[in-house]
Every structure is written in C-alpha cells, then in structure tokens.
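The values are calculated or read from the model by the stated rules, or taken from the named source; none is laboratory data. Every value quoted in this text rests on a predicted model; they were computed, and no experiment measured them. Positions of Cβ are generated from backbone atoms using ideal geometry, with glycine treated the same way; all protein chains shown enter the neighbour counts.
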Amino acid sequence: MSDPNPAQRFIEAIPHAKALGMRLESIGNGKAVMSMAYDERFIGDPATGVISGGAVSALMDTCCGAAVLAHPESGPTATLDLRIEYMRAARPGQRIFARAECFHATRTVAFVRAVAHDESSHAEDGLPVASATGAFTLDSGKKKPKTEAGR
Amino acid sequence: MTRSRPEPVQVIKQRRDMALATLANGIPYSQFLGIRFDRRGDELTALLPFDEQLIGNPFLPALHGGVTSAFLEITAIIELSWSMLWEDMENGKLDPGKLDAEHLPRLPKTIDFTVDYLRSGLPRDAYARARVNRSGRRYASVHVEAWQDNRARLFAQATGHFLIPSRDTGG
C-alpha cells in the first residue's frame, strides 16, 4: 500500500463506506482494491443467505471511485453510469473483494472497470462474483486550452 | 349471472398490506438501509428516509452512489416479486394468510443492473418507482426511477434484467 494519500483519507471519510465496514486493501496508479466483511445485515436473499447485489454494487462503486482518485492528476469525482453483471452468488460467510482499474481518463471523464470476488475466487483468481464498468466525472483541474475567443 | 359478494375493503387491504410487509421486510439489506414501501392498489413507491450513514460525499454532501444503486435494485426486485405475488393472490393461487418469512416466493436474481446517475442525491428522503417492462417465464426487464423533492426531476434511473425463479418449485 502506498503512503496515506488523499484517496485513502477520502475513503475513510465516507460515511456509507464506514457503515458497510469497507477496507482499502491497496491503491495507486489508477487501481484500487477494497474489501467488505460478510455481515448478516447485508443479506439480499434470506432463503440463501447470499449478500445483496446492492451491497456488492456499493463496494464496487466506492472501489471504482477510489481507482479514479488514484489516477495520476485526478480530482473530485462522481459516478455518471455504472453497469454491474452478477455472474454468480457470493459464498455466504466470505469477505467480498473489489478490484477496480481506471483504464482511461480524459480531462472530464474517467472510464473504469472492476470485478468483485469472494474469498475463494479472490485467492484462486477464479470466476468473479460480479463485474462492473462505469463512467465517472473527472475534474482534473486542467482547463481546456483556450483556442476560441469568448469560450 | 351470479356474482359472489365482494369482501369487506378492510379485509382485502389488510391481506395485501401483510403480504407486502412480509415481502419487503424479508430482505435484511433493505432493512439496513431503512427502505420502506408505500402501496396504492398494486402500485408501489419505495421510500428511502435520509440518514447520515447513507452519505458518500461528505463535502457536498451527497448520497453514496452505492446507496442509490442498492435502493433502485431493491425497488426493482420488490416490484417484480410483488407483481407476481399480486397475480397469484388475485387469482387465488396463493393464500396470503399462509405467507410468512419461511413461505415466501423465491426472489428474482439480478442478472445485470445499469444505473444512470443524473444528478447527485441530496441529503434528504428519496423515492423510487419501478416498472416491469417485460416479464416472461424466465427473464424480466425492469426500469426504475428515483427522485427526491420533485417527481419530474429524477436523480437516478436504472434498468435491470432479472432471472425469475421457477414458480412451481418456489417454497
């Protein structure tokens, strides 16, 4: 893990990330890994004890945001669009790990993809529980070069 | 033509409300977020009362994108389950009196879910309504809209595809 950078401090200051007990595992260079412990309060299907897709998407959204912040020359960000595919049920009782990568950023938009694993697939690098792709707003602080008068 | 006397309105109301409560209160994560459902006939409106722990950006402040996404997804799942439950209740296939946490129809499984964040969620109550655009034997497509103060100013919308549990084996 890199030094306590703004992204890590920022994640620790997010009330909902704290409420879900999210943990920042590693961050840097447009990539982030976060995890969240299994908790009975986060169950989505009481018949199976499988964690709610909503809780997994909250972890992936946060992790994607962290990846954007970890991108060189990034600034404040917000989710524009996030699509999640749920490939299989997460094994009940296991911690969920999200790995996100900001694979391209312009002055205004960051493109991110992420996967979520449970403990087993995280260790074996097996089939993820879910995958996500998203577009995030980006304020890099860099202004568009002024080429047209009055713009 | 003979027609049986309709049941008293309170009996019907109570039965429907009980079925909805059993369904909606059965999801722990929905309870964790504080989501409630309001019913007018068969139409549901989901309510997400504001809470500090739902904040994602403390500087604006704004609701967490994950909260918005979870709120929309749960609204879609409950709407889809409710529409199936309603049908079974109305045609007498299902006796809501026998409905409890152990005897709920199996919930649909999310295949994919795409959220469009239109504006940041303000630190106040949020509402959502879902519409089942297509529901076949196996798959369903559901659209959800969420707003805060103004019904016409959506702050998020989503479309999701769901796998419908096989109904004959559902416990």
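Mind counting the residues in region A:4-52 that are at pLDDT 95 or above and among the charged types (D, E, K, R)?
Of the residues in that region, 4 qualify.
Quick one: in region A:102-120, which of the residues that are closer than 15 Å to residue A:33 by Cα and surrounded by fewer than 21 Cβ atoms within 10 Å (Cβ to Cβ) is nearest to the other protein chains (Cβ to nearest Cβ)?
The extreme case among them is A:113.
Where in region B:1-106 are there strands (runs of 3 or more DSSP E), lying fully within it, with 2 or more residues that are over 21 Å from residue B:117 (Cβ atoms) and not hydrophobic (A, V, I, L, M, F, W, C)?
Counting at least 2 such residues, we get B:36-40.
Identify the single condition in (1) modelled with pLDDT under 95; (2) in contact with a Ser or Thr (Cβ under 6 Å, 6 or more places away or on another chain) that residue A:124 does not satisfy, given that it satisfies every other one.
(2)
Is there any pair linking a residue in region B:28-46 that is within 14 Å of chain A (Cβ to nearest Cβ) to one that is basic (Lys, Arg), with Cβ under 6 Å and at least six apart or on different chains, and which?
The qualifying pairs are B:28/A:41; B:32/A:41.
Taking residue A:55, is it modelled with pLDDT of 95 or more, buried (at least 23 other Cβ atoms within 10 Å of the Cβ) and in contact with a strand residue (DSSP E or B) (Cβ under 8 Å, 6 or more places away or on another chain)?
Considered against the rule, which asks whether it is modelled with pLDDT of 95 or more, buried (at least 23 other Cβ atoms within 10 Å of the Cβ) and in contact with a strand residue (DSSP E or B) (Cβ under 8 Å, 6 or more places away or on another chain), residue A:55 comes out as yes.
Tally the residues that are modelled with pLDDT of 95 or more and either assigned to a helix (DSSP H, G or I) or over 18 Å from residue A:80 (Cα atoms) (or both), restricting the search to region A:127-143.
Total meeting the criteria: 4.
Of the conditions (1) in contact with an Asp or Glu (Cβ under 8 Å, 6 or more places away or on another chain); (2) in contact (Cβ under 8 Å) with a residue 40 or more places away in the chain; (3) buried (at least 19 other Cβ atoms within 10 Å of the Cβ), residue B:148 clears all except one; give me its number.
Status for residue B:148: all satisfied but (2).
Look through region A:14-52, keep the residues that are among the basic types (Lys, Arg) and more than 8 Å from chain B (Cβ to nearest Cβ), and return whichever of them is farthest from residue A:70 (Cα to Cα).
Taking the candidates together, the pick is A:23.
Mind counting the residues in region B:88-128 that are in contact with a helix residue (DSSP H, G or I) (Cβ under 7 Å, 6 or more places away or on another chain), in contact (Cβ under 8 Å) with a residue 24 or more places away in the chain and either surrounded by 12 or more Cβ atoms within 10 Å (Cβ to Cβ) or on the phi > 0 side of the Ramachandran plot (or both)?
Residues in region B:88-128 being in contact with a helix residue (DSSP H, G or I) (Cβ under 7 Å, 6 or more places away or on another chain), in contact (Cβ under 8 Å) with a residue 24 or more places away in the chain and either surrounded by 12 or more Cβ atoms within 10 Å (Cβ to Cβ) or on the phi > 0 side of the Ramachandran plot (or both): 14 in total.
What residue, among those in region A:53-90 that are among the polar types (S, T, N, Q) and more than 7 Å from every other protein chain (Cβ to nearest Cβ), is farthest from the chain's Cα centre (by Cα)?
Only one residue tops the list, namely A:74.
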